[in-house]
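The values are calculated or read from the model by the stated rules, or taken from the named source; none is laboratory data. All values reported here derive from a predicted model rather than from experimental measurement. Note that we place each Cβ from the backbone using ideal geometry, even for glycine, and neighbour counts take in every protein chain shown.
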Amino acid sequence: MSAKVLPDFKAYTVVKRDGQKDVWIDLGAAFLHEDGAGLNVLLQANPLDGKIVLRPFVNEGRKEPVHQANRT
């Protein structure tokens, strides 16, 4: 069985609300290309305003994206 590949980034849309905290909605994930010159974005939904926010994926305390070369 192969190891599960974790995303480098999570994709969100942010819904602004007057007088309340913004709501971050999880849309999907992004994976860096092996050569680091681009990425693939996989979405489960599309944002209504067309804006996608990519944030580094955090897993087990990791706060920086994992580059393909560092994966096993």
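Residue check, residue 35 against (1) of a type outside the set (Ser, Thr, Tyr); (2) at pLDDT below 95; (3) surrounded by 11 or more Cβ atoms within 10 Å (Cβ to Cβ), all met but one. Which one? Going through (1) of a type outside the set (Ser, Thr, Tyr); (2) at pLDDT below 95; (3) surrounded by 11 or more Cβ atoms within 10 Å (Cβ to Cβ) one by one, residue 35 breaks only (3).
Just the residues that are outside any strand (DSSP E or B), of a type in the set (D, E, K, R) and surrounded by 13 or more Cβ atoms within 10 Å (Cβ to Cβ), please, taken from region 1-31. Walk me through it before giving the result.
Here is the first cut: in region 1-31, the ones outside any strand (DSSP E or B) are 1-8, 16-22.
Next cut, of a type in the set (D, E, K, R) only: 4, 8, 16-18, 21-22.
Across region 1-31, the qualifying residue is only 8.
If the condition is being within 17 Å of residue 3 (Cβ to Cβ), part of a strand (DSSP E or B) and either among the basic types (Lys, Arg) or at pLDDT 95 or above (or both), then region 38-72 contributes only 62. Among the residues of region 13-29, those that are out of contact with any Asp or Glu (no Cβ under 6 Å at 6 or more places or on another chain) and either among the hydroxyl-bearing types (Ser, Thr, Tyr) or under 23 Å from residue 59 (Cβ atoms) (or both) comprise 13, 23, 24, 25, 26, 27, 28, 29.
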